[in-house]
Structures are given as C-alpha cells and as structure tokens.
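Notes for the one structure printed next.
No value in this document is a laboratory result; all are computed from the given coordinates. Remember, predicted model here, so these are calculated numbers, not experimental data. Here Cβ is always computed from backbone atoms with ideal geometry, including for glycine, and neighbour counts include all displayed protein chains.
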Amino acid sequence: MIRIENVSKRYEKSYAVRNLSLTVAKGELCCLIGPSGCGKSTTLKMINRMIAPSSGTITVDGVDVHEVPVATLRRRMGYVIQSIGLFPHMTVLANIQVVPRLLRWEESRSRKRALELLELLGLSPDTYGGKYPAELSGGQAQRVGVARALAADPQILLMDEPFGALDPISREHLQNQFLAIQQELHKTIVFVTHDIDEAVRLGTKVALLRDGRLVQYGSPEQLLAAPADAFVKKFVGLDRALKRLSRLLAADFLHPANSVARQAPPELLEAEFRRLEGSDCARYLWVTDEENRLVGWVDGNNTTEKRLNMLEDLVEIDPADISVRPGYSLKQALAMFVQQSVACLPVVDDERRLQGEIRLADVLKS
Ligand SMILES: Nc1ncnc2c1ncn2[C@@H]1O[C@H](COP(=O)(O)OP(=O)(O)O)[C@@H](O)[C@H]1O
Ligand SMILES: [Mg+2]
C-alpha cells in the first residue's frame, strides 16, 4: 500500500504539488491524470525518491520511503517512462536483465525471466531478444520498457505516460494486453496519463489533479457519474455517458433469452409469442440448434403466417453480425443496437451458444 500524506513540493516560485493526500491500496491501478504541468510526474518521482518532497510523508506498507535505502526502495518499484527509453547499445534481452543483473541474480535465472517477460508481452523471444532498440517500433520498445520494469518482480510499478508515444490502435492493443497482465500479476500501480479514456479504461482508481492539488479521487465510475465540480466535468468530457458504458460489461446486464429450437412445431412458436406478449421484449424469439447454438431469430412483429415461414425457411445468420459476447462493453453493445436498429440483442459464448439477451432499455438506463 502506498500512502501519500499531505505532501507538497515547492520550487522557488510555485508549488508543483500541494497538500496532496492519496492512498493506493495493494493491487490497485491508480491513474494520476490532469492537464500538463499539474504535478503528475512530480508526484510519481516523489514515490521513488527521485524528487524529495518539501513537506509531508510517503509511506509504502507503513514505512516512510525516506527510511529505506534508495537502492532497496527502487528495487521494489519498477519504473517506466515515456521519453528515456532503453539503453541503445544493449540488446532487448540485456535491457530487460538490467535490474536482475544489478541484483546479482544467477545469469540463467535472469535470462529465463527476461525470456518469459518477452513472451508475456507478446514479443517472440527468438525474434526480438537479440535486437537493438533502434530496430524496434515504438510499440515494441514500450513493451520492452514494461518488461524491464517487471524484471525483478517489483511489488509496485510506477508508470509515467508509458503508452504516450503510440498511435491510437497500438495503444489500445497494448492497454488490453497490459490489463490482462495486471489481472495475472496484481501489482500495485501508479500510472500517469493525460488521456481520460486511458484512465477510465485502465484505472481501478482515478486521481484528477489540477495545479498540484487533488480535485477528485475515486473509481472511474464515480468520476464519470458524479464529477466533483465543473473542472472535472469538463475534463471527463461531454461524452462521459459513453465512457461510463465502456466500463460496464454485457455479462452484467444479461436477461434470460427467449428462444425456440429450430425444429419447433408451429403451435409452440405461437404459444411462445403469446407468452411474451406484454413483456418489454416481445419482439424476438431466438432460434437455436440442438446444441443451443444461435442460428437465427423470428421477428414477432410479423403476422403469424410470416413468422411460421421465418422459422421454416430460416436464413442462417452469422452470429458475429448480430450477437454480443459477455465480455463486450455496453459501449460496444450500444454500437450494435444502433447498427441493427433493434431493442434487444442475443448474447452468445465462444461456441455461439445462446447465453441470454441484453436490452437497449438497460443500456440507456445505466
Ligand atoms: N525542477 C523544477 N523547477 C521548477 N519548476 C518545476 C520543476 N519541475 C517541475 N516544475 C513545475 O512543476 C509543475 C508540475 O510539473 P510536472 O509534475 O512535471 O507536471 P506534469 O507531469 O503533470 O505535466 C509544472 O508547473 C512544472 O513547470
Ligand atoms: Mg509529466
């Protein structure tokens, strides 16, 4: 746990950070966000003592960071920065092994660790291990930077705009990968960014700074749903409703699906529609095969005759076109609702098996 208590950093003319108090619990990913110059990097650097606070204290697991030898402290904290990249004269593997070698790990252990980390970050060790930083793309170099920070298995990761230099597509890709890695490793992370979408996407907590002061601290949902003031509101943007949807999962809004087997007799189909009448989702019956895989639907707005024809001459659909996966965000689902102009969509698993349905009304209410 990292606890920042009433910390200020004063330069001659002004404060870079002012009366900052902030606690990051174990396993949390806290995004420090705010406009340029608001004190994000200064805060990060005070945690690993690259900068000394003018007043206040910072403790890690209850121990004041100034009571721990600097080398010991930094070994416990992986540090990733945007600009100062890798050592250009060292190969990728050597770059990742820097800290383990400083710690005098056995060469075989340190090399094994570096190879594992390359794999974890989606870089083939055979292809990339021997390359030099100049031979890497921006995204690859940033992956190596993350691998290097993770090398000695620190409890804490401090990351200063680590994906800042990437184009939006590689950035999103690396964010996804990073989230997957974090779900496995449960590091305590302080992550600096100026990109609110990134903060909302990655953070379990978001701390918004302005002019060195903390304006609001909470879960991304809290910031988006209840901005503390006009500044936060403006910062999180007019599309905050959409951003909130990007944090919510379809799986959490699942309703039981109304379905019929594709061999169902006409009476059953009509009985089902009668049963659904009056419910808020009476328009569709999903059609499934013997294995409960989605193969199509019958639109209840049609005449009885047409419905029966629909079942009989069922046009098999590609579920990818109309169905939602449980792991989709409601933002993704909303895009499909709009695209298909429907009020209800089926949710299927990886094998196309029907899991339930989600409703537009829920998305609009959430
Ligand atoms: N060494 C320094 N001397 C004087 N002012 C500084 C120094 N370092 C940073 N500052 C000022 O402190 C403020 C916060 O800087 P920084 O933490 O780097 O901001 P951020 O990372 O949020 O963009 C800025 O106004 C910056 O100009
Ligand atoms: Mg900065």
Legend entry - All lysines inside 17 Å of Lys9 as judged from Cα atoms, apart from same-chain residues fewer than 8 positions distant: Lys40, Lys45
Legend entry - Highest-fluctuation residue, Leu285, Leu268, Leu117 considered, GNM on the chain with Cα pairs under 10 Å: Leu268
Inset, instruction - Compute the long axis of helix 138-150 from its Cα atoms, compare it with the longest principal axis of the Cα atoms of the chain, and write down the angle in degrees, 0 to 90, nearest 10. - result: 70
Legend entry - Cβ-based exposure ranking for Thr304, Thr59, Thr288, in which fewest neighbours within 10 Å come first: Thr304, Thr59, Thr288
Legend entry - Most mobile listed residue (Glu270, Glu135, Glu12) in the chain, GNM with C-alpha springs under 10 Å: Glu12
Inset, instruction - Once you have all Cα-Cα distances for region 2-240, histogram them in 5 Å bins from zero and send the whole-percent values. - result: 1, 6, 14, 18, 19, 16, 12, 8, 4, 1, 0, 0
Legend entry - Value of Rg to Rh for region 250-365 (Rh from inverse mean 1/r over Cα pairs, i.e. Kirkwood): 0.94
Inset, instruction - Please build a GNM for the chain, connecting alpha carbons under 10 Å apart, and tell me which residue among Val260, Val298, Val315 fluctuates the most. - result: Val315
Inset, instruction - May I ask you to list the lysines whose Cα is less than 18 Å away from that of Lys331, ignoring any residue fewer than eight positions away on the same chain? - result: Lys243, Lys365
Inset, instruction - Would you work out which of Ser55, Ile4, Val324 lies farthest towards the positive end of the dipole of the chain? Charges go on Cβ: Lys and Arg +1, Asp and Glu -1. - result: Ser55
Inset, instruction - Treating the angle as unsigned and between 0 and 90°, give the value, to the nearest 10°, between the Cα long axis of helix 330-340 and the longest Cα principal axis of the chain. - result: 40
Legend entry - Efficiency of FRET between Ile181 and Asp350 - r from beta-carbon atoms, R0 30 angstrom, step 0.05: 0.90
Inset, instruction - Assuming a ≥ b ≥ c are the square roots of the Cα gyration tensor eigenvalues, decide whether region 151-285 counts as rounded (a/c under 1.5), prolate (otherwise, with a/b larger than b/c) or oblate. - result: prolate
Legend entry - Efficiency of FRET between Leu238 and Asp167 - r from beta-carbon atoms, R0 25 angstrom, step 0.05: 0.55
Legend entry - the chain - charge dipole about Cα centre, Lys and Arg +1 at Cβ, Asp and Glu -1, debye rounded to 20: 2300
Inset, instruction - Mind checking which of Leu242, Ala114, Thr42 is farthest towards the positive end of the chain's charge dipole, using Cβ charges of +1 (Lys, Arg) and -1 (Asp, Glu) about the Cα centre? - result: Thr42
Legend entry - Angle between the chain longest axis and helix 168-185 axis [Cα atoms, degrees, rounded to 10]: 80
Legend entry - For Arg293, Arg148, order by how many other beta-carbon atoms lie within 10 Å, fewest first: Arg293, Arg148
